[in-house]
Structure formats: structure tokens, C-alpha cells
1. Considering only residues that are over 30 Å from residue 146 (Cβ atoms) and either modelled with pLDDT of 90 or more or not in a loop (DSSP other than H, G, I, E, B) (or both), which ones fall in the range 40-64?
2. How many of the residues making up the range 65-76 are more than 20 Å from residue 454 (Cα to Cα) and either outside any helix (DSSP H, G or I) or touching a strand residue (DSSP E or B) at 6+ places or on another chain (Cβ under 9 Å) (or both)?
3. Right, residue 220: out of contact with any strand residue (DSSP E or B) (no Cβ under 8 Å at 6 or more places or on another chain), modelled with pLDDT under 95, surrounded by fewer than 18 Cβ atoms within 10 Å (Cβ to Cβ) and not assigned by TED's automatic domain parsing to the domain that holds residue 347 or not?
4. Kindly provide the set of residues from the range 290-315 that are closer than 27 Å to residue 370 by Cβ, touching a strand residue (DSSP E or B) at 6+ places or on another chain (Cβ under 9 Å) and assigned to a loop (DSSP other than H, G, I, E, B), ordered by number.
5. Of these, 72, 118, which one is outside the structural domain of residue 270 (by TED's automatic domain parsing) and either over 25 Å from residue 353 (Cα atoms) or surrounded by fewer than 20 Cβ atoms within 10 Å (Cβ to Cβ) (or both)?
6. Looking only at the range 2-39, filter to residues that are assigned to a loop (DSSP other than H, G, I, E, B) and at negative phi; which one of those is surrounded by the most Cβ atoms within 10 Å (Cβ to Cβ)?
7. Out of 350, 420, report the one residue that is in a helix (DSSP H, G or I) and in the same structural domain as residue 43 (by TED's automatic domain parsing).
8. Test of understanding: among 241, 266, 226, 237, which residue is more than 21 Å from the chain's Cα centre (by Cα), crowded, with 22+ Cβ neighbours inside 10 Å and closer than 30 Å to residue 308 by Cβ?
């Protein structure tokens, strides 16, 4: 049986596992690291990422966390001549509501009630303080949030939006990146410092004088001896934890997306990542409604659906593709390497997205043949916060760590998540939000009560 040894074995070579290896070397000079993955790096959940980022969250810990992640991504952009194709046109959150006190309060609370200067209100069509997102340059983009409540201004800024839209919250520190390019950059840096990779599936973990992992590879069983382990196994994080006798409070849901060439030019190329916050009933014809309502399997499609459907141009200003997504599935599922896609989803998400961008109706029943339909696993806690730190009550003493439950925000949070778990591994000073993202939060009753009432931010 082949044997390997390492100071740290990282289980999972998605974007977060790769980033963990990168920051162990970059920030702590820990280079005796082995990255273990069943297949090719970033080929499973990370390959299905929406590749977006934002610093908007309805809690100051999450705002600080994602701001730090964006800081780290910006450093990579500068160091790599923007190999990750970072741009910044922001996030737009659109609603038909005019009374938005609750949304503004979420923003203020996210900023810890300290940065009212970052919240700008626009109620006139000729607002001089609103900066249009004409260019994708991330270095010159403003920070903060623009609250737009003038329909003429909204039409000028976002001409494809429905005339029903009364309010737009334009989150300015947001945009999209190439997660694949960012991951490859970090992987190359990791390898250049002596980092190693092993292709195989973890079958068993024994705890004796550190950890001994049994890995099933194409050449047979391989044993890995490691002083410390990091569980970065994405949707399999719960199973890895069970191998050392720990239970993580996580579950998985499967969310789908589509991408297609916008041959009709229905959506402007400079549209930011746009989210329709409002609940809706899908735009079916009367005949379609009658047919769906009469079938027990599909009648749910005639009922009220949640908001947070999203749309964004893909491929930059000179591209021609769109991405649409709608994370409405709340049913926990066992993870499968080849999940089953719902053949109806493309039409469902298209019709849902057309409520915000009515020009998408041009594709009803006739999406382009080169449309791509795909999906990925969202691994989450009930409160939809990550789990980063000691894996289990005495995990740190044993050398067992985790970076998990990054449901729907894995790419945008990868750098900060990896930086944080690397601090745990290296026993370095951690930021103030560290305990909030560890298992320690389940002993913090006031925080849990607060999160139970808060928006989960599943977008």
C-alpha cells in the first residue's frame, strides 16, 4: 500500500479547498500540504458556481466577512493582472414595493449602524449623486448602496426592467469574477511552493497520533498520514465529519440554473447581477395553468413562488450569453455525483425571470438549442451561515478543522473562508467574527434567536 505524509491534508479541491492550501502557504508558510480530491480540481460543485460576489448581507458579521473576501480577491486581481476577470457593476435588488423600511433597516444593520454615509437615497430623476454603472472597472466603482425610488431614474439606469418596479437597491461593491481562473491561479501558486495533490476518494479516517486516511485511488488503496486535516469536502462535508465521529448541522439542496445565448438581445450587456425580490405566480397561459393545476405532480407551479430569481449577462460586455437562476428548492437531498435535472426548469426560470425583464418573453417555448441546463449542491446550515473552524468540540486539539456550508456564496466567500480556517490551523489571531462562524455560535442563544428571525440571504 502506497503511503503519503503531510502536515496538513485538505479533503476537497473545490475553490475553497484550493484557497485553503493557498493561504496556508501565503500567510503562514505552511507548505507541507496534500490536497485530496476524487476527480479533477473544481470539477464538481465549484464548476456550477454563479461566480458572483457582493458585500450585502443583513448582518454585520457577514458584511465584514465578505468585505474581507473581496479585499483578498482584489489583491489577486492586482497581482495577476486581473486574471480572474473581476468586474464591478454591482447587484440590483428590484421590488414593486414603495415601503421598504425593512430593507433599509437590514442594510443599516449590516453596516452595524455605523455607515449611513454609504446609503444614498435617490427620489428624483436627475439625481446628481447616482453614478451609473456604465463601465465594469472594479477599481473606480463606488461603495455602499444606492436606494432608487424614482421610476424615470430606474428606467434610465435599467431600461430592460419592468415598468412595475418601484424601488431598486443598487449594491455597489458587487459584481462577477471567473471562479475557475481564480482557482487555477491559486492552485498554480500552491504547486509552485511544493504543494501536492492526490486523486482519490477518502474511505476512512483513523485517529491515532494525528490522522491516518485511507484513500481509494485508481491504483488501489493509499494511506495518508497527516498531523492535521481540513474538511473542505463541500456537499460531502457531513460524511467526512462522520468518519471521525462528528455530526455537522448541515444539509444539502440541489439548485438549478440555465445559460443561453441572448440572440434576441433581450437584456443589455451592462446590466448588473439583478434579483427580483418579490414573490410571484409564474406567467403561464390560461390553458397551461389549467393543465398544470390538474396534475398533482405539477400543480405547485401554479401557486405562489418565492422571490430572489436572478439574471445576469455572462461573458463580459462583448459576450452574448445570459445566466438565469432561481434557488427555490428547499427539499434536503442525499448528494449524488450525477444529480437529476428537472426538464421543466428552463421554462420555469425563464418565465419567472421575464417578470423583471419582460423582453425575455421572446424566448417563451423557444429557448436556443445551445442552452445549457446545469445545477449544483447548496450545503447549508439552518441559518445559512458557514461553518469554519474546529471540527467538533475538541477538534482544534486533535487537529481537525472544517470549512463548510457555503451555500450559494462559495466563490465570493472562498478567500475569506480559507484565510479564516488557515488561521485556525496555524493557531493565529482570528477576526472578531470567527466564533460566529464556528460551532461556538450554537452556544450563543441571542445570536441564534437573531438569525432565526433574519433573512437567510439565499439568492
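The values are calculated or read from the model by the stated rules, or taken from the named source; none is laboratory data. In this text, all values refer to a predicted model and were calculated from it rather than measured experimentally. No Cβ is skipped: glycine too gets one built from the backbone with ideal geometry, and neighbour counts run over all protein chains shown.
1. Residues of the range 40-64 that are over 30 Å from residue 146 (Cβ atoms), as a first pass: 40-48.
Correct list: 45, 46, 47, 48.
2. Residues that pass the stated criteria total 3.
3. Numbers: out of contact with any strand residue (DSSP E or B) (no Cβ under 8 Å at 6 or more places or on another chain): no; modelled with pLDDT under 95: yes; surrounded by fewer than 18 Cβ atoms within 10 Å (Cβ to Cβ): yes; not assigned by TED's automatic domain parsing to the domain that holds residue 347: yes.
No, not satisfied.
4. Listed by number, the residues that qualify are 308, 315.
5. Values: 118 fails: outside the structural domain of residue 270 (by TED's automatic domain parsing).
Answer to the check: 72.
6. Within the range 2-39, the first condition is being assigned to a loop (DSSP other than H, G, I, E, B), and the residues that meet it are 12-14, 29-32, 38-39.
In the following step, the residues that additionally are at negative phi were identified as 13-14, 30-32, 38-39.
Working: 13: 30, 14: 26, 30: 20, 31: 18, 32: 15, 38: 19, 39: 12.
The qualifying residue surrounded by the most Cβ atoms within 10 Å (Cβ to Cβ) is 13.
7. Details: 350 fails: in the same structural domain as residue 43 (by TED's automatic domain parsing).
So the residue among 350, 420 that is in a helix (DSSP H, G or I) and in the same structural domain as residue 43 (by TED's automatic domain parsing) is 420.
8. Numbers: 266 fails: crowded, with 22+ Cβ neighbours inside 10 Å; 226 fails: closer than 30 Å to residue 308 by Cβ; 237 fails: more than 21 Å from the chain's Cα centre (by Cα).
Only one candidate passes the filter, namely 241.
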